[in-house]
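The values are calculated or read from the model by the stated rules, or taken from the named source; none is laboratory data. This structure is a prediction, so every number in the text was calculated from the model and none was measured. Using ideal geometry, Cβ is built from the backbone for each residue, glycine included, and neighbour counts are taken over all protein chains shown. The protein model used for the area step is the full one, side chains on, heavy atoms only, and it has no ligands, DNA or RNA in it. Shrake-Rupley method; radii C 1.70, N 1.55, O 1.52, S 1.80 Å.
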Amino acid sequence: MTLQIKSIEQYQEAYDKSVEDPEGFWAEQASTFLWRKKWHTVLKNDFITPDVQWFVGGKMNITENCLDRHIATRGDQDAIIWEPNEPDEPSVHLTYRELLAEVNKCANALKSFGVKKGDRICFYMPMIPQVAIAILACARIGAIHSVVFAGFSANALAERIKDSQCKVVICSDYNRRGPKNIPVKDVVDEAVSMGCDSVEKVLVFQSTGGKVMWEPNRDVWWHDAIKGMSKECAPEIMDSEDMLFILYTSGSTGKPKGVVHTCGGYMVYTSYTFMNVFQYQEGDIYWCTADVGWITGHSYIIYGPLLSGATTLMFEGVPGHPDAGRFWHICEKHRVNQFYTAPTAIRALMAAGYNAPNSYDLSSLKVIGSVGEPINEEAWHWYDEKVGRGNAPIVDTWWQTETGGIMITPLPGITDSKPCFASYPLPGIQPCILDANGIELTGNEVEGLLCIKFPWPSILRTTYGDHERCRSNYFAAFPNMYFTGDGAKRDTDGRYRIIGRVDDVINVSGHRIGTAEVEDAIDQHSGVVESAVVGYPHDIKGQGIYAYVKAHHEVIDEDHFRREILAVVTKEIGPIAKPDIIQFVSQLPKTRSGKIMRRILRKIASGESDSLGDTSTLLNPECVEELKAGALV
Ligand code: WT7
């Protein structure tokens, strides 16, 4: 099992070793796993091309490490506890032995469809145990999973299926989210009909039993597919650097890109970070509230916990259903020891009932985590006092889809927790702060661009089908560095505070949204000439979406036009990308080279019209007064 850091001295020692001898450090961690063949080289380090490889030549299968390896010692321990949408329905417990059997049956079903190593499989699923089973089934046979958050539209799903040419789509009939029952199979049908010719089979889990359309040559019920399938399935022996999964995420330009993670390094890093950041102890119940459609769900609901032999809780529903006490009720019911959620949920629950957690027994909690966006001071203190109650320190964990695992975080009970600070880098992580010219700002009390100087085992390897995009996005800004896209500060004691994105990416309720994507969607409306989208501070969501829209004709009925624009965005991307505010303008501020000057738009959207700075370089400075006068904040 992974070694756990237990004191500040051990942290310092591990950190120093990881910098002086990264290969020795990670080889020691990797050797706690089951390898079919040992690696011949720990690290291939090319941070320029980039070409990073870990545990090169090693052979393994991640599911053998998640499941088979644990059967002798904890076969009858719960691997997954599932809490359904409705509190009065029974929860489901799957032991490691049962989970292995289900994974193997599903793996054999996929094989019966002709799925082979390297094939891509798309997921569009609710938070039910079958999503974990099928993800592991893919990994079992070497198929590459590409999970798409089930809140994206049919268009967005089709785009992702096509980009990676998925052979199978795995979905459910419906998706229960609080009071809603969303017909997800319909969305899949629509997506596949949009030219997704690679799709041979759609595997449908019957979750609610509601009515669905059926394509008999293509669609297969899950229960039919696994009927009679063997509980044994030999794991496909994978190379350390074979692809494990693709996960699409938004960037500052263009369409979402498929971030690629590989088997060996991802395995070592997610387990190491899970054990250390959450200080998981034998028998603990761990709960991460993320959706499996995001990296947090991949690394810290499924892989990290199962690799570590933990019991991981999965929740189907939403924080407010049936009321704002649901999270605390679940913590009490299952005696949750580690709880991991997002600032947006913390703020929403704080707003819904400041004292609501008081009615629940939260004494089992030992560690509480935050992830996805900066946590503001007020929310941090509420979480600390009402939920942590002096027994459970907060871990504010900073990381990204691209990093695969947690990078900067306090270690609970080991390093201190300071409000709004992600604090210290984990062993193996070498962050630095650069100025705009790429000069490293050494010493403390500095602010600038956050970069990482040295590879860690779960760094992204490429962006699917477009390696140049990976290079130019992350490795070209500053030579020999991974550029995160975030701004950060270092305090007098060397703690890091993440300020937020410095590129055209906005973080809405912890969901990453590219402004260019939203603009492209808005521009699909035939009445729109052009648009510009920026983020602005939002009490609950962290950032809201503010859109400036230039129409072809004078807008007579603004509300009607707004509704139409929202409908287009919902259709193109999904409801999560809907602008909160739409301001109609007669022109957008442009530089002489024709670029939209977003700095001005950001200021106006943030209610800072008084400090616009120099606007004299604009091609059309006269538009500024109109923008200010029409501002909707
Ligand atoms: C972006 C990555 C990491 C899983 C969920 C989001 C922001 C993430 C924090 C934090 C401040 C944070 C960053 C980052 N972010 N965690 N603890 N404090 N900001 O993954 O969708 O890839 O988004 O989320 O801006 O770049 P993602």
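Worth pointing out:
- Amide H contacts under 5 Å for Ile582, placed H, 5+ residues apart: Ala547
- In this Cβ point-charge picture (+1 for Lys and Arg, -1 for Asp and Glu), the range 511-633 has a dipole of about 440 debye about its Cα centre.
- Kirkwood hydrodynamic radius over Cα pairs of the range 316-370, then Stokes diffusion coefficient at 37 °C and 0.692 mPa s, in µm²/s: 289 µm²/s
- Residues Met213 and Ser91, FRET efficiency given R0 of 25 Å [Cβ-Cβ distance, rounded to 0.05]: 0.20
- Farthest toward positive dipole pole in the chain [+1 Lys/Arg, -1 Asp/Glu at C-beta], among Leu43, Gly390, Val555: Leu43
- Shape category assigned to the chain from the gyration tensor of Cα positions, a/c cut at 1.5: rounded
- Only Lys, Arg, Asp and Glu carry charge here, each on its Cβ (+1 for the first two, -1 for the last two); on that basis the range 164-221 has a dipole of about 320 debye about its Cα centre.
- Antiparallel bridges, percent of DSSP beta bridges restricted to the chain (to nearest 5): 60 percent
- Listed residue pairs exceeding 30 Å between alpha carbons, taken from Lys59/Lys105; Lys17/Lys257; Lys257/Lys628; Lys162/Lys550: Lys17/Lys257; Lys257/Lys628; Lys162/Lys550
- Residue-normalised accessible area of the range 113-185, expressed per residue, 1.4 Å probe, Å²: 22 Å²
- Ranking Thr591, Ile604, Phe55 by how far each Cα lies toward the positive end of the dipole of the chain (charges on Cβ) leaves Phe55 at the top.
- Heavy-atom accessible surface of the range 560-633: percent carbon and sulfur, 1.4 Å: 54 percent
- Annotation: amide H of Val259 within the under-5 Å range of Leu247, Tyr248, Thr249, Tyr464, sequence separation 5 or more or interchain, hydrogens built in the peptide plane.
- Per-residue [θ]222 nm for the chain (sum of -39500 (n - 2.57) over DSSP H runs n ≥ 4, rounded to 500): -7500 deg cm²/dmol
- Set of aspartates and glutamates with alpha-carbon distance to Lys227 below 19 Å, sequence-local pairs under 8 removed: Glu98, Glu102, Asp173, Asp219
- Annotation: amide H-H contacts under 5 Å for Asp51 (H modelled 1.01 Å from N, sequence separation of 5 or more, or interchain): Asp46.
- Simple Cβ-charge dipole of the chain, Lys/Arg +1 and Asp/Glu -1, about Cα centre, in debye nearest 20: 1140 debye
- Counting protein heavy atoms only, the range 1-105 has 52 percent of its accessible area on carbon and sulfur, 1.4 angstrom probe.
- Coupling constants for the range 606-618 follow from the phi torsions by the Karplus curve (6.51 cos²θ - 1.76 cosθ + 1.60, θ = phi - 60°), and in residue order they are 8, x, 10, 4, 6, 10, 6, x, 6, 10, 6, 7, 5 Hz; glycine and proline get x.
- Extension gain from Ala234 to Asp197, taking 0.36 nm per residue of separation minus the Cα-Cα distance: 10.3 nm
- 10 Å Cβ shell holding at most 11 others, DSSP loop, trypsin sites (Lys or Arg not before Pro): longest site-free stretch of the chain: 228-591
- Every Cα-Cα pair in the range 136-189 was counted, and those over 13 Å apart are 62% of them.
- The range 426-511: GluC sites (Glu not before Pro) in DSSP loop, at most 13 other beta carbons within 10 Å: Glu445
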